[in-house]
Amino acid sequence: MKLTGSQILIESLKKEGVEVIFGYPGGAVLNIYDEIYKAKFRHILVRHEQGAVHAADGYARSSGKVGVCLVTSGPGATNTVTGLATAYMDSVPLVVFTGQVPTLLIGNDAFQEADIVGITRSCTKHNYLVKDVKDLARIIKEAFFIASSGRPGPVLVDLPKNVLLDSTNFEYPENVEIRGYHPTYKGHSFQIKRALDLIYKSKRPVAYVGGGVILSDAAKELREFITTLGIPVTMTLMGLGAFPIRHPLSLGMLGMHGTFRANMAISECDLVIAIGARFDDRVTGKVDEFAPNAKIIHVDIDPTSISKNIQVDIPIVGDCKQVLKGFLKEIRANEEETEKVQGRIKPWLEQIEKWKKKHALAYDQEDVIKPQYVVEKLGELTKGEAIVATEVGQNQMWAAQFYEFNEPRTFLTSGGLGTMGYGLPAAIGAQVANPDKIVIDIAGDGSIQMNIQELATAVQYRLPVKIIILNNAYLGMVRQWQELFFDRRYSYTCMENIAPDFVKLAEAYGAAGFRVEKVKDVVPTLEKALAYDGPAMVDVIVEKFEGVYPMVPAGASLKQMLLV
Amino acid sequence: MKHTLSVLVENEFGVLSRVASLFSARGFNIESLCVAETLDPSLSLMTIVTRGDEMIMEQITKQLNKLINVIKVTDLSARKFVDRELVLIKMKATKTNRAEILRISDIFRGKVVDVSHKTLTIEVTGDEGKIAAMIELLKPLGIKEVARTGKIAMLRGAQ
Ligand SMILES: Cc1ncc(C[n+]2csc(CCOP(=O)(O)OP(=O)(O)O)c2C)c(N)n1
Ligand SMILES: [Mg+2]
């Protein structure tokens, strides 16, 4: 049967099992919107295209499925760039469809034309301009395959208007054959054996786990690996949730705002087992002084991540889940050695325990509300079972430090790009994917204003997300740097008396608004907001000058932590 | 160190710019880049000359391989290979230097492809060393303009 390009798009999405599109219409995609209407395809109308991409991203991170967006040409397409770059840095599988002017007009500076394929080349895993309707189904198939396989990432498909109108026979391809794309999943068994030899010889090993473990759904395998060997484990910001934070072997997060014991352990260890992490500069601090006396094993599906910043002794290219399975097979066959390691590393675990006692994450709750207190109480009230999205800044770091994550895919944060304005739309997307879960955006008073318009989306679709603003009247994280490194010259970071009334703002959008100014009101108000049947925003007035600690100054070694 | 990479890619629009923007985005430099269709019209072969230590070369190779449209990357410099470049050199020719220019051109098996009252244009092919030596000798005689194709290269023998 002959179908138009627009119909092929909708049929292909059905074949891919897509449940929902996050989008925003315009001239170049009117035909697709007509098909969406006729097919009654589920579509969430956002209020800004950046919101569409972040929402699809939150949907994808929280569910493991591919997030899908649809936007118009020109400004619609350029508005997706920040969302794409955010997803690209954090390896989130998305397929973003953009309208484009008719092929004959491309290059003519036509109305609402933008060279989006050129613009997004370096912030997508791959992108396509579809020039012929006959290629459309194949390209969509490839786009979904590329987005979700190997190291996942966003793929953009640019759809000229005439391609959407042209017709051809529709047949959705069964298989994908891309000559230059064959991700490696299974780790080399010889490398796994060599790695295990190092593990069996080590006295002070540390596992350093990143978002790759979550992306490959390997939390179960990781847990068995860690607990069988009895090795301490630290997580990156992106890795939070991969291993229960309260587990005795958990060191918490490492890096710039990592725990004292995690940063000390990495600095003193004799073996780093990096799994699905990429030695980001926010994690390593000064590269030369990162794990200076350690051998390094690195498991990653992306060969370019290996030996990029840090020379690795044993690289294992492969999917975290597959490689961990490979390890487990060997470990189970080797009970004797396994027991020996456990014995050998006892003094190491004791040392770590000492570090833990010396400087645990802490704060003093005095008269003014401390932001950490708010996050801690949120954790208690939701039993650590909520899905938590964050904005960027201090709010993000306090969420990472004080909300105790136990399950993968429950912490949604822009780690690589650090995109303010990510949290609210991501929470909306996560709520779409998880209608029965509590979804919270831990926000800052600055960041929340970057995509506040999405509150209208939450209200329209009755998505009961809870926005908790840690309102310190500052662009707090930048202020903290100014305090520490610029002699407290607070250049353009103070938002005191110039912020909107967030309670009225919430109400104006049709959401519930709450404000908390006293410590004793924190818990009752959070309870009210959590119980409210709809989207709610809580403006918590917190201590203005609270800092995030420990802190490793940029470029310093991890041992040079500033402690409160 | 200088490296010559042979990169087999899909012969599709936009591929050249993907490769070029990868180099610029990651701060790798390109000394020369040649690209043309292969016997199989769905593929193109790029020869890229670049510089970097071992770690950088490893990254360049891996990053190129990561591009969906790149099929194969070979670092020729690790093995024995032949390389050739075609160069056009326009000389400022005078009564006194004309003979010397022709003599040098002959030694390097150059060919005169254009003559005027004031100029002589020579075509020459060769590997890097030969081209460099010839240009060195011609320089004092007055080079007006040089156009180079950039290097193409191939592994020796049956490899
Ligand atoms: C889009 C964007 N612009 C600028 C920055 C730089 N930046 C990082 S944190 C921050 C302050 C955020 O302020 P707020 O949302 O109030 O969070 P707080 O640190 O106070 O918790 C800024 C401006 C950024 N990360 N993203
Ligand atoms: Mg703030």
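See the values below:
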{"item": "Considering residues of region A:497-512 that are in contact (Cβ under 8 Å) with a residue 40 or more places away in the chain and out of contact with any Gly (no Cβ under 8 Å at 6 or more places or on another chain) only, the residue nearest to ligand 2 (Cβ to nearest atom)", "result": "A:Ala499"}
{"item": "B:Thr74 being of a type in the set (Ser, Thr, Tyr) and either surrounded by fewer than 18 Cβ atoms within 10 Å (Cβ to Cβ) or under 30 Å from A:Ala147 (Cβ atoms) (or both)", "result": "yes"}
{"item": "Scan of region A:419-451 for residues that are within 14 Å of ligand 2 (Cβ to nearest atom) and outside any strand (DSSP E or B), ordered by number", "result": "A:Met420, A:Gly421, A:Gly423, A:Asp445, A:Gly446, A:Ser447, A:Ile448, A:Gln449, A:Met450"}
{"item": "Filter result for A:Val287 (of a type in the set (A, V, I, L, M, F, W, C), within 14 Å of chain B (Cβ to nearest Cβ) and without any contact (Cβ under 8 Å) to a residue 24 or more places away in the chain)", "result": "yes"}
{"item": "Residue that is surrounded by the fewest Cβ atoms within 10 Å (Cβ to Cβ) [pool: residues in region A:515-560 that are among the aromatic types (Phe, Trp, Tyr) and over 25 Å from the mean Cα position of the chain (by Cα)]", "result": "A:Phe545"}
{"item": "Selection from region A:374-396 of residues that are away from ligand 2 (no atom under 16 Å from the Cβ) and acidic (Asp, Glu)", "result": "A:Glu376, A:Glu380, A:Glu385"}
{"item": "Residue satisfying all of: in region A:292-338; among the aliphatic types (A, V, I, L, M) and within 14 Å of chain B (Cβ to nearest Cβ); surrounded by the fewest Cβ atoms within 10 Å (Cβ to Cβ) among these", "result": "A:Ile310"}
{"item": "Strands (runs of 3 or more DSSP E) contained entirely in region B:1-94, each with at least 3 residues that are more than 14 Å from chain A (Cβ to nearest Cβ) and under 16 Å from the mean Cα position of the chain (by Cα)", "result": "B:2-10, B:30-37, B:43-51, B:81-92"}
{"item": "Residue in region A:397-414 that is within 16 Å of ligand 2 (Cβ to nearest atom) and charged (D, E, K, R) present", "result": "no"}
{"item": "Among the residues listed as A:Lys377, A:Lys356, the single one being of a type in the set (D, E, K, R), in contact with a strand residue (DSSP E or B) (Cβ under 9 Å, 6 or more places away or on another chain), modelled with pLDDT of 95 or more and away from ligand 1 (no atom under 16 Å from the Cβ)", "result": "A:Lys356"}
{"item": "Only one of A:Met238, A:Met264 that is under 22 Å from A:Gln401 (Cβ atoms) and over 25 Å from the mean Cα position of the chain (by Cα)", "result": "A:Met264"}
{"item": "Yes/no for A:Arg489 being at positive phi and either within 16 Å of ligand 2 (Cβ to nearest atom) or at pLDDT 95 or above (or both)", "result": "no"}
{"item": "Test: A:Leu198 is among the aliphatic types (A, V, I, L, M), away from chain B (no Cβ under 14 Å) and touching a Phe, Trp or Tyr at 6+ places or on another chain (Cβ under 6 Å)", "result": "no"}
{"item": "Residue, nearest to ligand 1 (Cβ to nearest atom), within region A:395-440, restricted to residues that are hydrophobic (A, V, I, L, M, F, W, C) and within 21 Å of A:His43 (Cβ to Cβ)", "result": "A:Leu424"}
{"item": "Failed item, numbered, when B:Ala78 is tested on (1) touching a residue at least 12 places away in the same chain (Cβ under 8 Å); (2) within 30 Å of A:Pro183 (Cα to Cα)", "result": "(1)"}
{"item": "Out of A:Ile498, A:Ile467, sole residue that is surrounded by fewer than 14 Cβ atoms within 10 Å (Cβ to Cβ), more than 9 Å from ligand 1 (Cβ to nearest atom) and of a type outside the set (Gly, Ala, Ser)", "result": "A:Ile498"}
{"item": "Condition check for A:Ser202: touching a helix residue (DSSP H, G or I) at 6+ places or on another chain (Cβ under 6 Å), polar (S, T, N, Q) and either in contact (Cβ under 8 Å) with a residue 12 or more places away in the chain or surrounded by 24 or more Cβ atoms within 10 Å (Cβ to Cβ) (or both)", "result": "no"}
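The values are calculated or read from the model by the stated rules, or taken from the named source; none is laboratory data. What you see is a predicted model; the values in this text were computed from it and never measured. FYI the Cβ positions are ideal-geometry reconstructions off the backbone, even for glycines, and counts take in every protein chain you see.
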